[in-house]
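Chemist: There's a structure below that I have some questions on.
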Amino acid sequence: MWLGGPTSYLDEPEPLAPGLTSGIGYAPAHHGELIQGVFEDDAGRLRRALVTMPLPGRGSRAVFYPSQSHWGVVGPPGLTKARRAAIYTLREFAAHPAPAKGGRVEITSNVPHGIGMGSSTSDVTATINAVADYHGVSLSREEVGRLAVLAEVASDSVMIDDRVVLFAHRDGDVLETFGHRLPPMIVIGCDTDPGRSIETLSLPPADYTDAEAGEFQVLRGALRRAIAAEDVALLGKVATASARINQRYLPKPGLETLIELGLRHGGAGLQIAHSGTVAGLIFDARQAGIDLEGCVVRIKELGFTVTDVIEPAPARQPRKNPRQPCENPRPHAPQPRRPQAAAS
Amino acid sequence: MNRAGSFAEATDAYQLPRLIRLAPNLYAACFTLMKMVPARFILRRAAERGLLDPGTVIVETTSGTFGLALAMQAVHLDRRLILVSDPVIDERLYRRLTDLGAVVERVPAAAAAVAGGYQAARLDRLEQIMAGLDASFCPRQYSNPDNPRAYSTVAEYLVECLGQVDCITGPVGSGGSMCGTVGHLRALLPECRAIGVDSHSSVLFGHPDGPRELRGMGMSLMPDNLDHRIFDQVHWTSPGPAYQATRQLHQRHALFMGPSSGAAYLAARWWARANPDALTVVMMPDEGYRYQDTVYDDDWLAARGYLDQPLPAEPVLIDDPAHPSGSWLAFDWDRRSYDQVMSKAAMSGEPG
């Protein structure tokens, strides 16, 4: 996809105004969802929504090199959604005193693609943040969510990183805020179907029954309590119930085996990527004597790939000054996903 | 769901029960008018589906609180309501229904002698009325799947307030409240036990049909909304123990509820005492005002001999629901279908 003027987009970025070199944005990945289904909004309408399971160790970093002279938005050829996000975000800033017309997006990411860790939302959100950063503006989290849905059709809620929300992922708005953070938990992430890749938008939206809508209502009530009371055991039951309902739509191989394995090792339940192949065994981080190593060994013996062990995030840091490029915003050094694209 | 404490409609204020702790592991879910949960949900859904045009008349057969809930909701919707009732309808309820604008028809007393009793006669009359109307909507609480569906709101509220619920006990009539609440709850808590409380001479769980004095539970016809596979255990009580338990609820806990609440309390208290580590919730469908001249009148109770027998400490566990004997019975239903239980009971009833 290429939109814009006649200029060759393979040119080197043109010289920028002094002090404004580029815009930088970062967005974390996620490890699927704690719950995904249909829920009533304030007007009583049923809406598709989810609660994201954050994955602090992985993410995407986007750099936006602006162009004042042409409208083209270029970037990694495979990342259509990120380029679309840049276009939508540029449109937001059309009335800005010194807007960029177009530009180039570079993305570095350590988020695996196609297994439900939100690689595309992460790329899209990082891109939106990078374009906003170039314009010296910090968009609200809700605004970023709205733009991400515009670019992606369906987006997870990684941009809303300061609270736990029920996010209408096809509309980009928050149906309910449950609290400031999830209770302290350890999640052993694994890939239930190694080698399989799922394109989110190729999945037909789940056609939940009326009875399932009633069940999601109960899960929502339980989630309110679990987050308010920091009750990991209850949170695990909510996630497990949502995973079981989802088996009708995108079945995970070995789901019941993994649920049972987690419970046998003192776990609280299982969360899944409802549009991917990853699953996570949930443990209460405050609980003594959890045999995490033994559990990891058993998961591997069963033929699943262990992807991440998610530990409780430290207390949230205030947002970093977006003008200061962060060289290594996360423990693992990000690997360029498509170096040939980034080098152009 | 509205938790703000102010409501746009009176019927919205009736949706959720008050949760009252009766013992360390026993909560009562007390409704002012539990039937409002399905009545409001069914009528609002019908309106959403375009089944309640301004000229449409709502018709239903009821002699109890479902009719009252419909009448209240019909006020909000500004629709006509015709209720087909039997002659034993409470006179004060009748006055309240008509004050709400409902037309109440009573089937003749002679219908009681025919098979199916008043319930069958009411259904016949309902069909006649509907045939004579241009546009009508019948909520059909006994077969409408929106009746159990409505109780997801109650299940949501229970888990939000209590987190873990190990057992729900409640009276059974249409099956809507127990099957709806427990059915939705089990998506989260599959182990949660369900104890249904029925009255003697009710066909719901296999008793032979017969006259019943105890109101608010039990049926002469099998409702489609009763999913027997929900229930782990079923209790039957005769009026005496139910009335005494109703009074104890009032005397010990200041809870002024109807006799079906008392019957459920009897079973729930017994199970909660035997299972101190499990959290039990008992459903209490309505308040005691309609029973002030009966259950809450010592002279009335004494004249009928209900005070002669002490309240039993525990139920008699039976193994054949089709051949009941005793005032308070319990049977392990074990989440089986009606046919599964009855074919087994028939076999064990064979001599030899």
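Derivation of every value follows stated rules applied to the coordinates shown; laboratory data play no part. Just so you know, these numbers come straight off a predicted model, no measurement behind them. With ideal geometry, Cβ positions are generated from the backbone for all residues, glycine too; neighbour counts draw on all protein chains shown.
Chemist: Nearest 500 deg cm²/dmol is fine: what mean residue ellipticity at 222 nm does the protein assembly as shown get from its DSSP H runs of n ≥ 4 alone, each adding -39,500 (n - 2.57), divided by its residue count?
Modeler: When only DSSP H runs of four or more count, the value is -10000 deg cm²/dmol.
Chemist: Let me ask something additional. At a Förster radius of 25 Å, what calculated FRET efficiency corresponds to the Cβ-Cβ distance of residue B:275 and residue B:222, to the nearest 0.05?
Modeler: 0.25
Chemist: Quick one: which of A:252/B:344; A:237/A:300; A:81/A:101 span more than 30 angstrom between C-alpha atoms?
Modeler: Result: A:252/B:344 exceed 30 Å.
Chemist: Continuing with the same structure: Determine the equivalent ellipsoid of the stretch B:36-137 by diagonalising the alpha-carbon gyration tensor, then write out the semi-axes as square roots of 5 times the eigenvalues, largest first, rounded to whole Å.
Modeler: Output for the stretch B:36-137: semi-axes of 23, 16, 11 Å.
Chemist: Once the dipole of the protein assembly as shown is set up with Lys and Arg at +1 and Asp and Glu at -1 on Cβ about the Cα centre, which of B:157, A:292, B:183 lies farthest towards its positive end?
Modeler: The Cα lying farthest towards the positive end belongs to A:292.
Chemist: Please give the FRET efficiency for residue A:163 paired with residue B:250, using the beta carbon to beta carbon distance and R0 = 45 Å, rounded to the nearest 0.05.
Modeler: 0.50
Chemist: Send over the Kirkwood Rh of chain B, from the inverse of the averaged 1/r over different Cα pairs, rounded to one decimal Å.
Modeler: Kirkwood hydrodynamic radius for chain B: 20.7 Å.
Chemist: Report the extension gain between residue A:98 and residue A:247 in nm, rounded to one decimal, defined as 0.36 nm multiplied by the number of residues separating them, less their alpha carbon distance.
Modeler: That pair, residue A:98 and residue A:247, stretches by 48.6 nm at full extension.
Chemist: Given labels modelled 7 Å from the Cα in the Cβ direction, how far is it in nm from residue B:292 to residue B:191?
Modeler: About 4.6 nm separates the two model spin labels.
Chemist: Taking the Cα centre of the stretch B:171-289 as origin, work out the dipole magnitude from +1 charges on Lys and Arg Cβ and -1 charges on Asp and Glu Cβ, in debye rounded to 20.
Modeler: With only Lys, Arg, Asp and Glu charged at Cβ, the dipole is about 320 debye.
Chemist: OK, next. Sort the following peptides by mean Cβ neighbour count (other Cβ atoms within 10 Å, averaged over residues), highest first: A:157-167, A:178-188.
Modeler: In descending order of packing, they fall as A:157-167, A:178-188.
Chemist: On to the next question. Could you give the size of the charge dipole of the stretch B:36-137 about its Cα centre, using +1 on the Cβ of each K and R and -1 on the Cβ of each D and E, expressed in debye and rounded to the nearest 20?
Modeler: Dipole of the stretch B:36-137, to the nearest 20 debye: 260 debye.
Chemist: Let me ask something else about it. Nothing charged except the Cβ atoms of Lys and Arg (+1) and of Asp and Glu (-1): what's the magnitude of the dipole of the protein assembly as shown about its Cα centre? Round to the nearest 20 debye.
Modeler: Charge dipole of the protein assembly as shown: 1400 debye, to the nearest 20.
Chemist: Here's a follow-up. Under the definition of Cα pairs under 8 Å and six or more residues apart, what whole-number percent is the relative contact order of chain B?
Modeler: Here the relative contact order equals 17 percent.
Chemist: Given a Förster radius of 35 Å and the C-beta distance between residue A:137 and residue A:285 as r, what FRET efficiency does 1/(1 + (r/R0)^6) yield to the nearest 0.05?
Modeler: 0.45
Chemist: Over the protein assembly as shown, what lengths in whole Å, largest first, do the semi-axes of the equivalent ellipsoid take, defined as the square roots of 5 times the eigenvalues of the alpha-carbon gyration tensor?
Modeler: 59, 29, 21
Chemist: Could I ask something else about it? For residue A:211, what charge total do you get from the other residues with a beta carbon under 13 Å from its beta carbon, if Lys and Arg give +1 and Asp and Glu give -1?
Modeler: Counting the neighbours of residue A:211, the net charge comes to -3.
Chemist: List the GluC sites (Glu not before Pro) in the stretch A:134-214 that DSSP assigns to loop (not H, G, I, E or B) and whose Cβ has at most 12 other Cβ atoms within 10 Å. Which are they?
Modeler: A:199
Chemist: Here's a follow-up. Which order do peptides B:273-280, B:261-268 fall in by mean Cβ count within 10 Å, highest first?
Modeler: Output ranking for B:273-280, B:261-268: B:261-268, B:273-280.
Chemist: Please determine, in degrees from 0 to 90 and to the nearest 10, the orientation of helix B:36-48 with respect to the longest principal axis defined by the Cα atoms of chain B, where the helix direction is its Cα long axis.
Modeler: 40 degrees
Chemist: What per residue convex hull volume, in Å³, do the alpha-carbon atoms of the stretch A:23-316 yield?
Modeler: Cα convex hull per residue, to the nearest whole number: 122 Å³.
Chemist: Something else about it: Once the piece of chain linking residue B:128 and residue B:309 is laid out straight, how much longer is it, given 0.36 nm per residue of separation minus the C-alpha distance between them?
Modeler: 60.6 nm is the gain from fully extending residue B:128 to residue B:309.
Chemist: How crowded by other chains is A:234-242, given as the mean number of beta carbons from other chains within 10 Å of each beta carbon?
Modeler: Neighbouring Cβ atoms belonging to other protein chains average 3 per residue here.
Chemist: For the stretch B:36-137, with the dipole built from +1 on Lys and Arg beta-carbon atoms and -1 on Asp and Glu ones, taken about the Cα centre, which of B:67, B:117, B:55 lies farthest toward the positive end?
Modeler: B:67
Chemist: Going toward the positive end of the dipole of the protein assembly as shown, with +1 on Lys and Arg Cβ and -1 on Asp and Glu Cβ, which of A:85, B:19, A:43 do you reach last?
Modeler: The residue sitting farthest along the positive end of the dipole is A:85.
Chemist: Please compute the average number of Cβ atoms from other chains found within 10 Å of each residue's Cβ in peptide B:169-176.
Modeler: Per-residue shielding by partner chains comes out at 0.
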